[in-house]
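Presented below is the structure to which this report refers.
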Amino acid sequence: MANDGASKLSKNLLRMKFMQRSLGADVKKQLEEDEKRIISDEHWYLDLPELKAKENYIIEESSFVPCEDLVYGRMSFKGFNPEVEKLMTLMNTHNRDEEEEEEMEDPGRMETDVTDEEMARRYESLVESMKKKFAKKRNRPALDQDVNSNVEDVQPKKAFLKPQD
Amino acid sequence: MMQSCFKNKIGDVVLPGDIFSFELPVTEDGSVKAEKIICGPGLRRNGDEVLVCKSGILRHKQPNLYWIDSQQKRYVPAKGESVIGIVTAKSGDIFKVDVGGSEQASLSYLAFEGATKRNRPNVQVGDLVYAQFIIANKDMEPELVCIDSNGKANGMGVFGADGFLFKVSLGLVRRLLAPQSEIVKDLEKLFPSEIVVGMNGCVWVKAKTVQQTLIVANLIESCENMTAQQRQALFKRVADGNL
């Protein structure tokens with residue numbers, strides 16, 4: 001009887017959530033197929049060749065500043081505004097330095113404040129302390145032993161001593 | 001070679017509508033192998049071509065930078081340029097700034113050195129600001145900031161309690177800002193003075209007296225159409241005190 005009643009109900013009503021329980025398996029399947037067909041009919045696509053992302057060889061730059069190496073816009077002459085004069089030298093030498101750096105570009109050879117040996121020595125200690133940090137607490141004593149290869153006499157394990165009466 | 005079509009036009013006059021097109025050299029495996037080129041103001045990219053959109057002289061800078069040296073008065077905001085703006089409105093947390101472009105630029109009150117939500121910068125309507133574009137494109141409202149990427153002001157911000165502001169052409173501004181500018185070298189010899197030059201064509205001048213301020217302003221304005229000799233003769237007359 002339930003089946004008879006269901007077949008009379010409209011499709012849209014059957015598709016509703018609360019009707020799903022009362023539907024039989026085959027009716028459900030059919031509904032799903034109908035829905036699928038509707039979707040695939042409505043689903044359209046553009047008949048276009050596949051777009052390939054091309055690399056850009058032309059870069060646009062809208063400002064004159066990098067083209068003509070324009071300088072800083074604030075200027076002061078003959079000490080009228082010492083603050084600005086300081087800024088002027090700072091900003092303009094800053095730009096010039098960058099250029100010079102580019103000009104003397106010599107890959108692999110930079111002027112360094114810290115020599116390679118010094119750097120290595122510094123990192124040596126750093127590596128150890130980082131290793132300790134990441135080691136689990138339980139492994140730490142073992143690690144310590146590894147580090148100082150001459151094993152010192154291990155302290156006896158502390159244990160609770162029963163007080164004597 | 002992509003650059004060869006540019007090479008023989010450097011220094012020539014080009015007109016809007018001129019096209020530079022090149023064939024991208026393709027290697028056997030189908031990938032394109034070419035050096036990049038940068039097209040500056042006056043040139044625009046259209047697919048694989050470069051179109052000229054301003055009339056002027058084609059210039060080149062090593063290694064691969066090309067642009068059109070043109071003369072114009074209308075300012076078009078460009079990212080990274082420093083300009084002088086006039087604050088025209090205060091609305092909530094942004095200021096509106098007139099920079100001479102097609103649209104007013106916005107300037108956040110947080111974009112000043114040392115500004116926090118609590119500590120607002122003291123900016124009034126009518127103040128002059130020296131600021132830098134952080135957003136500037138044809139589809140969006142331009143946005144200014146008064147700090148650099150490190151949060152330092154570097155001379156940007158509100159300036160010009162007095163002094164004199166006037167507008168010149170963009171070409172003159174570029175001549176003033178050129179490294180080792182002849183005009184600036186001549187100006188330097190005159191009086192103690194301070195000038196601020198914005199890429200938008202605004203120039204602000206201040207000297208010790210109003211008279212001297214006006215003299216410097218008029219000198220800069222007259223540099224627009226003068227040869228080097230004329231300019232030097234005029235500057236000499238001013239320096240001698242008989243204008």
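Rounded, prolate or oblate: which one fits the stretch B:115-243, using the alpha carbon gyration tensor with axes a ≥ b ≥ c (rounded when a/c is under 1.5, else prolate when a/b beats b/c, else oblate)?
Numbers: a/c = 2.59, a/b = 1.78, b/c = 1.45.
It comes out prolate by the Cα gyration axes.
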For the pair B:LYS61 and A:HIS43, what calculated FRET efficiency results from E = 1/(1 + (r/R0)^6), where r is the Cβ-Cβ distance and R0 = 51 Å, to the nearest 0.05?
0.45
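Would you mind checking the pairs B:LYS79/B:LYS185; B:LYS152/B:LYS206; B:LYS167/B:LYS206; B:LYS7/B:LYS36 and listing those with alpha carbons more than 21 angstrom apart? Working shown, then result.
On the way: B:LYS79/B:LYS185 28 Å; B:LYS152/B:LYS206 24 Å; B:LYS167/B:LYS206 15 Å; B:LYS7/B:LYS36 15 Å.
Check vs 21 Å cut-off fails for B:LYS79/B:LYS185; B:LYS152/B:LYS206.
I need B:HIS60, A:HIS94 ordered by Cβ neighbour count within 10 Å, fewest first. Intermediate values should be presented prior to the final figure.
On the way: B:HIS60 17, A:HIS94 11.
With the fewest neighbours first, B:HIS60, A:HIS94 line up as A:HIS94, B:HIS60.
Would you please name the trypsin sites (Lys or Arg not before Pro) within the stretch B:91-185 that are DSSP coil residues with at most 16 other C-beta atoms within 10 Å of their C-beta?
On the way: sites: B:LYS96, B:LYS117, B:ARG118, B:LYS138, B:LYS152, B:LYS167, B:ARG174, B:ARG175, B:LYS185; in loops: B:LYS117, B:ARG118, B:LYS138, B:LYS152.
Those satisfying the criteria are B:LYS117, B:ARG118, B:LYS138, B:LYS152.
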Ranking B:PHE164, B:PHE20 by Cβ neighbours within 10 Å, fewest first, what do you get?
B:PHE164, B:PHE20
What lysines does A:LYS28 reach when the alpha-carbon gap must be under 20 Å and sequence neighbours fewer than 8 apart in one chain are set aside?
A:LYS8, A:LYS11, A:LYS17, A:LYS36
Loop sites in the stretch A:22-89: trypsin sites (Lys or Arg not before Pro), DSSP, at most 16 other Cβ within 10 Å:
A:LYS52, A:LYS54, A:LYS78
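Please tell me which of these pairs span more than 32 angstrom C-alpha to C-alpha: A:LYS78/B:LYS117; B:LYS9/B:LYS96; B:LYS90/B:LYS189; A:LYS132/A:LYS157; B:LYS138/B:LYS208? Mind dumping the intermediate values first?
Values: A:LYS78/B:LYS117 39 Å; B:LYS9/B:LYS96 42 Å; B:LYS90/B:LYS189 40 Å; A:LYS132/A:LYS157 21 Å; B:LYS138/B:LYS208 41 Å.
The answer is A:LYS78/B:LYS117; B:LYS9/B:LYS96; B:LYS90/B:LYS189; B:LYS138/B:LYS208.
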Work from the charge dipole of the stretch B:188-243 (Cβ charges, +1 for Lys and Arg, -1 for Asp and Glu, about the Cα centre) and give the residue of B:ILE220, B:PHE235, B:GLY201 farthest towards its positive end.
B:PHE235
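Classify chain B as rounded, prolate or oblate from the Cα gyration tensor: take a ≥ b ≥ c as the square roots of its eigenvalues, call it rounded if a/c is under 1.5, otherwise prolate when a/b beats b/c and oblate if not.
Working: a/c = 2.59, a/b = 1.31, b/c = 1.97.
Note, shape of chain B comes out oblate.
Take the Cβ-Cβ distance between B:GLU113 and B:VAL13 as r, set R0 to 60 Å, and report the resulting FRET efficiency rounded to the nearest 0.05.
Numbers: r = 44 Å, r/R0 = 0.74.
For B:GLU113 and B:VAL13, the calculated efficiency is 0.85.
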Might you report the magnitude of the Cβ-based charge dipole of the stretch B:52-187 about its Cα centre, with Lys and Arg at +1 and Asp and Glu at -1, to the nearest 20 debye?
220 debye
When chain B is modelled as a GNM with alpha-carbon springs shorter than 10 Å, which of B:ARG59, B:ARG74, B:ARG231 fluctuates the most?
B:ARG59
Shielding by partners, peptide A:75-88 (average Cβ within 10 angstrom, other chains):
5
Could you list A:MET19, A:MET91, B:MET156, B:MET199 in order of exposure, starting from the residue whose Cβ has the fewest other Cβ atoms within 10 Å?
A:MET19, A:MET91, B:MET156, B:MET199
Using the Cα centre of chain B as the reference point, and only Cβ charges (+1 on K/R, -1 on D/E), how large is the resulting charge dipole? Debye, rounded to the nearest 20.
560 debye
Is there a quick way to get the dipole size of the stretch B:164-240? I mean about its Cα centre, with the Cβ of Lys and Arg at +1 and of Asp and Glu at -1; what is the value in debye to the nearest 20?
20 debye
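For a test of the definition: using alpha carbon positions, the gyration tensor, and the 1.5 limit on a/c, classify the stretch B:164-240 as rounded, prolate or oblate.
Working: a/c = 1.60, a/b = 1.08, b/c = 1.48.
Oblate.
Quick note: the coordinates plus some simple rules give every number you see, no bench work behind them. Bear in mind that the values here come from a model prediction, so they are computed numbers and not experimental data. In this analysis, Cβ positions are derived from the backbone assuming ideal geometry, glycine residues included, and neighbour counts consider all displayed protein chains.
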